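The structure under discussion appears below in the form of structure tokens.
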Amino acid sequence: MRTRSGEGPPTALLWFATVLAIVGSGVTFALELPAWGELRGVDLVDRGLVALVPLILLSLALMFLVATWRRSARRSRRRADRAEARMAGIADDLPDVMVYEADAEGRFSYVSAGSRSLLGYEPEELVGRAIAEFTAEEPAAVVATDPARAHTREGTWEHKDGTPRTVEFQVQRGPDRGGAAFRGVVRDVGARVAVEAELRDTHESFLVMLESAQNGILIVSSAGKIQLWNSVICDILGYEPTELRRMTLSELAPAVGGGSLMSLVTARIWGAAPPGLYEKQITRSDGEVRDVEVSISTYPLGDNERSGWIEISDITDRKRATERIQQLADYDHLTGLPNRQVMEGAIADALERAQAGRRSFAVMLMDLDRFKLVNDTLGHAVGDELLQQVARRFVEALPDDHLVARFGGDEFLVLVPNLASPEAAMTSAGALVASVSTPLEVGGRSLHTATSVGVAVYPHDGEDAATLIRRADSAMYRAKELGGSGYQFATASLDADSQHRLNIENDLRAAIEGGELTVYYHPEVEIETGRIESFEALVRWDHPVHGLLPPAEFVPILEDNGLIRLVDEWVLREACEQNRRWRDAGLGPVVVSVNLSARLFSNEGMLEAIRAIVEETSVDPNLLELEVTETAALQNVEDAVSILKQINDLGVRTALDDFGTGHSSLVRLKEFPLNTLKIDGSFVHNVTTDEDAGSIVSGVIALGHALGLRVVAEGVEHERQLSLLRHLGCDLAQGYLFARPLTADAATTLLSEHRRLGQGFAA
Ligand code: C2E
Ligand code: MG
Ligand code: MG
């Protein structure tokens, strides 16, 4: 307990005032005494009293003052004692806190009751003991470093029971009374230090855990600020840890395709996306795109703020491996085409869609004709390469929505989706047959191959995959029996018309291969002179049963199934060779004109084919003219202009055929790079009877001339027509009036006889 050193009201002063009053009275009395002897008794008393009065009054006043002073001093001491007691009480009440004062030597002069719980000592036991017994820190030395402020140290003080206690020892100067030179508090901080240590340990183990995680981990704020990360994430994203500190999530992993990582995190943090594993693509610092698997957990972080815990694992390698395995499982290793399993799955899907009421579909089975022969004679390596090339041709020949699969060996399967009618599958089947009808370059040699196709259509030929494939297979065998290089439908699919058309089509394939096609030459005559200026090459089919068939019977079918390309190229080659023969025989110069089908006209390989044929046949390109119908040219004017120009660039002439049927405005004509304009026979037919036709023909001739073109009138059958055309200034005429289309031999004879044709020139 506090000990006091006798500070208090001045009792000595009170005594002094009393003594002064008595002594003063005595001295005064003694000084007045001689005079008093002369006085009478009463005077003496009076004088004595008079002399004493001021002194007594002075003493009384002094005593009063002293008494008042003492009273107030007592009061303030009581107040101070009360305050001190309160303070001491408060200090005593502080749990595990010991308030102390110490003298200049560092010995406790006052200690609060907290000493009991803190160190196990009664306060009285500590008073007088040196602080140095508990700590190596000397209060004087500590305070001396900066006397103006309080100093805090942490250390271990020994409890009375011998156990160490972790305390915070605070010391400062003061209070400079009662001999206290230092004061301060000693507080038990064991619990806090333990918690802190635990926290530190937890934090460290957390960081260790973060580091030892196999996945990349990022902790971000809802605004995308990166708060913590591990080194795996640095490896995944290709950043240095120091770089991450300054980055946001959006900068760190910019979005690739779809939603960004940031938007996913935001959605997760605010509950808009469900938990789970998300697959994303992110960009590394070096720009490489990686596949990652992302999971995001979120947790609140104060009011209205949440954090995201993002775990990222790089699955690029795994994904590639899976894809590779998938590829191996789903694709044929030789051709890269999907395999049988994939096709069966696709057919199952198509069945489901078809049963749901949507469109029909077809399954086509192809087998290469005579493939075994190739394999046996040229070896498996050649056979393999042939299969690869054939697979490529099949894929290129079909629209993108068709699925081509290898079924094994030289068998392929095609799924034709979205069929409006069974007949619609004919186009695809024809394209497949045509796609391998030109030779393939395999191992440095040119190989001829062909395919037979069997077509089965859902639901006519079967309502499940197995039946459809089986029916397609037997149809394919029928196609083979019919000579191969063709297609057959499973019987139930086609109506009679379609079957007839199919028969013609299959016959045509044989015709092309069997040399049943031939070229006729129809002269075009200079109206003024009757001289044969040119021959138009017109294809004919010398059918073994139906006789000579005109193009109208088969060209449209060939245009549908793509075989027209073969025919046109064949006719072109024939015509060029014929022209060269005429030149070689000195029967020229005469122009041959060859018709190009609309389908071939827009074909990418066409120009190459023309160039090759012109070179191979050594025809004079100036004596070759290629005809394109007005309708074909109008399908895509820009392309047509460009193709015609490229034909011109080869030195080959160009003509616009059947002019007047395509409803093009006459003005458009000037856009096409042309040499010749052929007025359609229907106008010529009516030119003498129909005024409109007459004025059209007249206008076309004038316009053609204005554009510097040679104008030919087609289908001239009558003298009247010829006269009118001559009158209108038409340059050339073609028609039965002069001749029917002629065989090559007949045309040669005509040329060799220098025959002039037409009115006034007739032979
Ligand atoms: P085109 O190119 O307009 O050929 C002229 C057609 O009119 C020929 O019919 C010809 O025989 C016919 N013709 C000519 N003068 C007369 C006449 O005075 N009276 C009648 N009634 N007809 C006459 P063709 O040979 O039947 O050819 C028809 C169409 O077939 C050709 O019309 C042409 O567009 C196409 N064509 C012919 N050969 C080929 C070919 O090799 N390839 C392609 N893609 N199409 C061809
Ligand atoms: Mg023509
Ligand atoms: Mg024509």
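Within the stretch 642-671, residues that are assigned by TED's automatic domain parsing to the domain that holds residue 698 and modelled with pLDDT of 85 or more reach partners that are within 14 Å of ligand 3 (Cβ to nearest atom) and aromatic (Phe, Trp, Tyr) with beta carbons closer than 9 Å, at six or more positions or on different chains, in the pairs 659/683. Being surrounded by 15 or more Cβ atoms within 10 Å (Cβ to Cβ), touching a residue at least 24 places away in the same chain (Cβ under 8 Å) and in contact with a strand residue (DSSP E or B) (Cβ under 7 Å, 6 or more places away or on another chain) is a property that does not hold for residue 120.
Away from ligand 1 (no atom under 16 Å from the Cβ), free of Cβ contacts under 8 Å to residues at least 60 places away in the same chain and not basic (Lys, Arg): is that true of residue 594 in this structure? So residue 594 does not fit the description; no. For the stretch 701-717, give me each residue that is within 16 Å of ligand 2 (Cβ to nearest atom), aliphatic (A, V, I, L, M) and not in a strand (DSSP E or B). Scanning the stretch 701-717 gives 709, 716. For residue 615, the test of being away from ligand 3 (no atom under 16 Å from the Cβ) and either part of a helix (DSSP H, G or I) or out of contact with any helix residue (DSSP H, G or I) (no Cβ under 9 Å at 6 or more places or on another chain) (or both) is passed.
Applying the set (1) in contact with a strand residue (DSSP E or B) (Cβ under 7 Å, 6 or more places away or on another chain); (2) at pLDDT 85 or above to residue 265 leaves exactly one unmet item: (2). All conditions but one from (1) β-branched (Val, Ile, Thr); (2) in contact (Cβ under 8 Å) with a residue 12 or more places away in the chain; (3) surrounded by fewer than 16 Cβ atoms within 10 Å (Cβ to Cβ) apply to residue 294; the one that does not is (3).
In this structure, residue 750 does not satisfy being in contact with a strand residue (DSSP E or B) (Cβ under 9 Å, 6 or more places away or on another chain), crowded, with 19+ Cβ neighbours inside 10 Å and under 13 Å from residue 697 (Cα atoms).
Taking residue 716 as the residue in question, decide whether it is at pLDDT 85 or above and in contact with a helix residue (DSSP H, G or I) (Cβ under 7 Å, 6 or more places away or on another chain). It is true that residue 716 is at pLDDT 85 or above and in contact with a helix residue (DSSP H, G or I) (Cβ under 7 Å, 6 or more places away or on another chain).
Tallying residues that are away from ligand 1 (no atom under 14 Å from the Cβ) and touching a residue at least 12 places away in the same chain (Cβ under 8 Å) within the stretch 606-623 yields 11.
Do we find that residue 672 is away from ligand 1 (no atom under 13 Å from the Cβ) and aromatic (Phe, Trp, Tyr) in this structure? When the stated conditions are applied, residue 672 passes them.
Would you confirm, using the coordinates I've provided, whether residue 369 is closer than 19 Å to residue 413 by Cβ, modelled with pLDDT under 90 and surrounded by 14 or more Cβ atoms within 10 Å (Cβ to Cβ)? Spelling it out, residue 369 is indeed closer than 19 Å to residue 413 by Cβ, modelled with pLDDT under 90 and surrounded by 14 or more Cβ atoms within 10 Å (Cβ to Cβ). Quick one: in the stretch 39-52, of everything that is surrounded by 12 or more Cβ atoms within 10 Å (Cβ to Cβ) and within 16 Å of residue 23 (Cα to Cα), which residue is modelled with the highest pLDDT? Across the stretch 39-52, the extreme among qualifying residues is 52.
Of all residues in the stretch 149-178, those that are buried (at least 17 other Cβ atoms within 10 Å of the Cβ) and farther than 18 Å from residue 114 by Cβ total 2. Scanning the stretch 336-379 for residues that are in a helix (DSSP H, G or I), touching a residue at least 24 places away in the same chain (Cβ under 8 Å) and acidic (Asp, Glu) returns a single hit, 344.
Which is touching a strand residue (DSSP E or B) at 6+ places or on another chain (Cβ under 8 Å), part of a helix (DSSP H, G or I), modelled with pLDDT of 90 or more and buried (at least 22 other Cβ atoms within 10 Å of the Cβ), of 472, 479?
Testing whether each residue is touching a strand residue (DSSP E or B) at 6+ places or on another chain (Cβ under 8 Å), part of a helix (DSSP H, G or I), modelled with pLDDT of 90 or more and buried (at least 22 other Cβ atoms within 10 Å of the Cβ) leaves just 472.
When the stretch 544-553 is filtered for residues that are more than 16 Å from ligand 3 (Cβ to nearest atom), at pLDDT 85 or above and either closer than 30 Å to residue 724 by Cα or within 60 Å of the chain's Cα centre (by Cα) (or both), only 549 remains. Considering every residue within the stretch 383-396, establish whether at least one is surrounded by 16 or more Cβ atoms within 10 Å (Cβ to Cβ), part of a strand (DSSP E or B) and in the same structural domain as residue 478 (by TED's automatic domain parsing). No - not one qualifying residue is present in the stretch 383-396. Return the residues of the stretch 698-753 that are more than 15 Å from residue 526 (Cα to Cα), within 60 Å of the chain's Cα centre (by Cα) and within 16 Å of ligand 3 (Cβ to nearest atom); say none if nothing qualifies. 700, 704 - these are the residues of the stretch 698-753 that are more than 15 Å from residue 526 (Cα to Cα), within 60 Å of the chain's Cα centre (by Cα) and within 16 Å of ligand 3 (Cβ to nearest atom). When the stretch 677-694 is limited to residues that are modelled with pLDDT of 90 or more and not in a helix (DSSP H, G or I), the one that is farthest from ligand 1 (Cβ to nearest atom) turns out to be 677.
Just to be sure before I move on: is residue 562 more than 9 Å from ligand 1 (Cβ to nearest atom), among the small types (Gly, Ala, Ser) and under 50 Å from the mean Cα position of the chain (by Cα) in the structure I sent? Yes.
Against the test of being charged (D, E, K, R), within 21 Å of residue 429 (Cα to Cα) and surrounded by fewer than 23 Cβ atoms within 10 Å (Cβ to Cβ), the options 577, 516, 526, 553 yield a single qualifying residue, 553.
The values are calculated or read from the model by the stated rules, or taken from the named source; none is laboratory data. What you see is a predicted model, and the numbers here were worked out from it, not measured in a lab. Because the Cβ atoms are built from the backbone with ideal geometry, glycine has one as well, and the counts that use them run over all protein chains shown.
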